[in-house]
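This report refers to the structure that appears directly beneath it.
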Amino acid sequence: MKNLAVFALCLFFFSSINAQQMFTVPTVTPDQEKEILYNHVVAYFAAGVTFAKTQDVSVEEYGQYIGEQFKAFWNPEAGFEFFVNQIMFILKGVNPYSEMKILEQNDKMIRFQMANLDLLFKQGPMYGITFDEFLSCSEALLLTLADYMKVSFVQTVNDEGFYVVTLKAK
């Protein structure tokens, strides 16, 4: 009987060791990487806005706060062209499905539009914020940076649902 109990214990132990699944590093396609990054950026931003609201901080105040923190990475001497290129790069990265299009430009002004900026909000609020709150916070952040960089910044959402940005050198 003792041998049978030892045999059963050994069998159970051996089976337990062999039944454990081995982990592997996931592989993702470039499109999946883009989707992961996009979702994380929006989630972290939205979660920050939601937290700020629980602390009785308006979405605009939180956007200004973020902008103030980001100023350290911007050099006003880099000029208008630098600012435009960086903002377009950042906004394109916030939504890789944005279908960004330049509408008008010259040496001192650019106007561009983005489609699908509201993509993650199609079903309604996300992570505790609405699309309008997302836009208000983004606007406050970008206004703070634009002012620091000596650039005029205006954002609107037109009748067709396009997010339109106008930047002008001051």
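Taking the Cα centre of the chain as origin and charging only Cβ (+1 Lys, Arg; -1 Asp, Glu), how large is the dipole, in debye to the nearest 20?
560 debye
Treating the angle as unsigned and between 0 and 90°, give the value, to the nearest 10°, between the Cα long axis of helix 2-19 and the longest Cα principal axis of the chain.
It is inclined by approximately 20 degrees.
Which residue, chosen from 41, 130, 64, occupies the Cα position most advanced towards the positive end of the dipole of the chain, where the dipole is computed from +1 (Lys, Arg) and -1 (Asp, Glu) charges on Cβ about the Cα centre?
Checking the options against the dipole of the chain, the answer is 41.
Nearest 10 degrees is fine. How inclined is helix 79-94 to the longest principal axis of the chain, computing both from alpha carbons?
Between the helix axis and the principal axis of the chain, the angle is about 40 degrees.
Would you kindly work out the equivalent ellipsoid of the stretch 25-114 from its C-alpha gyration tensor and give its semi-axes, the square roots of five times the eigenvalues, largest first in whole Å?
25, 23, 13
So what are the ³J(HN,Hα) numbers for the stretch 33-41, from phi and the Karplus equation (6.51, -1.76, 1.60; θ = phi - 60°), rounded to whole Hz, Gly and Pro as x?
4, 4, 5, 4, 4, 4, 5, 5, 4
Could I get the Rg over Rh figure for the chain? Both from C-alpha atoms, Rh via Kirkwood, rounded to two places.
1.29
Could you state the per residue volume, in Å³, of the convex hull enclosing the Cα atoms of the stretch 102-170?
Cα-based convex hull of the stretch 102-170, divided per residue, equals 81 Å³.
Please list the non-local residues whose amide H lies under 5 Å from the amide H of residue 117, H modeled 1.01 Å from N, same-chain partners needing a gap of 5 or more.
Distant-sequence amide H within range of residue 117: 163.
Please compute the per residue accessible area over the stretch 13-170 with all protein chains in place, 1.4 Å probe, rounded to a whole number of Å².
Heavy-atom SASA per residue in the stretch 13-170 reads 64 Å².
What residues qualify as long-range amide H neighbours of residue 157, i.e. H under 5 Å apart, gap of 5 or more or another chain, H built at 1.01 Å from N?
164
Do any trypsin sites (Lys or Arg not before Pro) in the stretch 81-133 lie in a DSSP loop with no more than 15 other beta carbon atoms within 10 Å, and if so, which?
Filter output for the stretch 81-133: 108, 122.
What lysines could a cross-link reach from residue 170, if we take a straight Cα to Cα line under 27 Å and drop same-chain neighbours fewer than 8 places away?
In chain and number order, the partners are 71, 92, 101, 108, 150.
Could you work out the relative contact order of the stretch 70-122, using alpha carbon pairs under 8 angstrom and six or more residues apart, expressed as a whole percent?
Contact order relative to length: 26 percent.
If you place +1 on the Cβ of every Lys and Arg and -1 on the Cβ of every Asp and Glu, how big does the dipole about the Cα centre of the stretch 74-170 come out, in debye to the nearest 20?
200 debye
Under the definition of Cα pairs under 8 Å and six or more residues apart, what whole-number percent is the relative contact order of the chain?
25 percent
How large is ³J(HN,Hα) for each residue in the stretch 138-151, as worked out from phi by the Karplus curve 6.51 cos²θ - 1.76 cosθ + 1.60 (θ = phi - 60°), to whole Hz, x for Gly and Pro?
Running phi through 6.51 cos²θ - 1.76 cosθ + 1.60 with θ = phi - 60° gives 4, 4, 4, 4, 5, 4, 4, 5, 4, 4, 4, 8, 6, 10 Hz.
Mind listing which chymotrypsin sites (Phe, Trp or Tyr not before Pro) in the stretch 93-123 are in a DSSP loop and have 16 or fewer other Cβ atoms within 10 Å?
Within the stretch 93-123, the qualifying chymotrypsin sites (Phe, Trp or Tyr not before Pro) (loop, at most 16 other Cβ atoms within 10 Å) are 97.
The values are calculated or read from the model by the stated rules, or taken from the named source; none is laboratory data. For clarity, every value in this text was computed on a predicted model and none was experimentally measured. Neighbour counts run over all protein chains shown; Cβ positions are idealised from the backbone, glycine included. Heavy atoms of the whole protein, side chains included, go into the accessibility calculation; ligands, DNA and RNA do not. Shrake-Rupley method; radii C 1.70, N 1.55, O 1.52, S 1.80 Å.
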